[in-house]
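One structure is given below, encoded as structure tokens.
What follows draws every value from the coordinates through simple rules; no lab data is involved. Computed from a prediction, not measured in an experiment: that's the story for all the values here. Don't worry about glycine lacking a Cβ; one is built from the backbone with ideal geometry, like all the others, and counts go over all protein chains shown.
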Amino acid sequence: MASSGEARRATMLYSLPNRCQKQSRPIHVKPPTILISCGEASGDLYASELLKELKRLEPTCEAFGLFGERTESAGATPTVRLEEISVIGLVEVVSKLPALLSAMRRLSAAALSRRPDVAVLIDFSGFNLRLAKRLDALGIPIVYYVSPQVWAWRRGRVRTIRKLVSEMLVILPFEKSFYEKEGVNVRYVGHPLVDLVSASQTREAFCRRLSLDAARPIVAVLPGSRRSEIEFHVPVLGDSIEALSRKQPELQFVVSRAPTVPREMIVDRLGSSIDRVRLMNGSVHDGLAHAAVAIVASGTAPVEAALLGTPMVVIYRVSRASYLLGSPFVDVPFYSMVNLIAERELVPELIQDAMTPANIVEQVSGLMQDDRALLMRAGLDDLKQRLGGGGASRRAAEAVLSHVEL
């Protein structure tokens, strides 16, 4: 029996045209082929949800490219695997240059061989904008999903985006007006996390699974999904856990481990504090939902914590060389996406030299003992309203397929 997508295409192909009927998007006579490129764990999550929606709309569509386990599980064929190239920092990129160059060559060769109908590039601009030049030379339409933070630093990249990108799909409310002013074809689709962030277990079930006491407060620690983030964050977080345990012995700690990070890497860097923590593998939503406070690396995770209403402290650190090289180019009032969306300092940020055990202990203890947590939760509720309703991945999929030609 033909699939719904095949039946729909056959009906449209052999029916007499109705000039009064407006088609929602072009009808494709062969399975659409889509190149996907994302270089981070959050991008892999967004890509996987996008691909699920693409397959609901066009069950025969095929996808290949650069991504992680989630997108592969959704049905895509990897050309390059995410763990081969994961990196942060201007200086740290140097050690990954051979892998990044290899990934670029392999993706370019695959694009030349398979001639995808459209390419979907997700954030990761240092790599993806270079890839975009090669794809544009092949005449492949480019949809950029999840904007690089060009509004924060290196604004000159907007010129490249305007020249190469067929459509920019943005997930933050303020990004649409930014790109419109820059003359870029842009569509606001909403934030995909709105549909994805929720607890799957009760507090009792979560605590039972990790051998925690449901009656005692939990601190969720999310050090990041890149190996370099683990290098710079976990030793400081381990010292912070030790200090908090001495100050407030009733606290329990859960530390997240992303699929891109080996367990041993976290265990080794936690040192003696490993005896005080439970590791969370995979999804962090239950840990965040049931935590009194979270210590979260800047990036996507603070938005997840915000959607769950969890009071948090945002941390981040890179190598001193990367910080000194990059900081002159950063032109935003806040580092955390939560504060940028809220347009005020809703959550404390401990960035670079401010990320010390003493400062972390002070902020966490304050959220545990006074009314700041209640005020923060109210602010997080307002932020959730700003992000709007669900359906972002579906809207993004519809936008992508609108660029697939006959």
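Distant-in-sequence amide contacts of GLY65, defined by a placed amide H-H separation under 5 Å and a gap of 5 or more residues or a different chain, comprise ILE36, THR77, THR79, VAL80.
Only beta bridges with both residues in the range 199-386 are counted; by DSSP, about 0 percent of them are antiparallel.
Taking the alpha-carbon distance from LYS384 and a cut-off under 27 Å, which lysines remain once sequence neighbours fewer than 8 residues away in the same chain are dropped? Once the sequence-local lysines are set aside, what remains near LYS384 is LYS52, LYS176, LYS181.
Here the residues LYS181, LYS384, ranked from fewest to most Cβ neighbours within 10 Å of their Cβ, fall in the order LYS181, LYS384.
What FRET efficiency, computed as 1/(1 + (r/R0)^6) with R0 = 45 Å and r the Cβ-Cβ distance, is obtained for GLU83 and ASP371, rounded to the nearest 0.05?
It comes to 0.55.
When you filter the GluC sites (Glu not before Pro) in the range 232-339 for DSSP loop state and at most 16 other Cβ atoms inside 10 Å of their Cβ, you are left with GLU250. Applying 1/(1 + (r/R0)^6) with r as the Cβ-Cβ distance of GLN201 and ALA99 and R0 = 35 angstrom yields a FRET efficiency of 0.40.
One entry in (1) 0.96; (2) 0.99; (3) 1.03 is Rg/Rh (Cα atoms, Kirkwood Rh) calculated from the shown coordinates; its label is (2).
Computed from the C-beta positions of SER272 and ARG115, the FRET efficiency with R₀ = 51 Å rounds to 0.40.
Subtract the Cα-Cα distance of LEU279 and ARG159 from 0.36 nm times their separation in residues, and report this length gain in nm to one decimal.
Length difference between fully extended and current span is 38.8 nm.
As a proxy for reagent exposure, ranking PHE174, PHE127 by other Cβ atoms within 10 Å from fewest up yields PHE174, PHE127.
Taking 24 Å as the straight-line reach from the Cα of LYS96, the lysines in range (excluding those fewer than 8 positions away in the same chain) are LYS133. Put a dot 7 Å past the Cα of ARG246, heading toward its Cβ, do the same for ALA378, and the two dots end up 3.6 nm apart.
Among THR160, THR310, sorting on how many other beta-carbon atoms sit within 10 Å of each Cβ, with the fewest leading, yields THR160, THR310.
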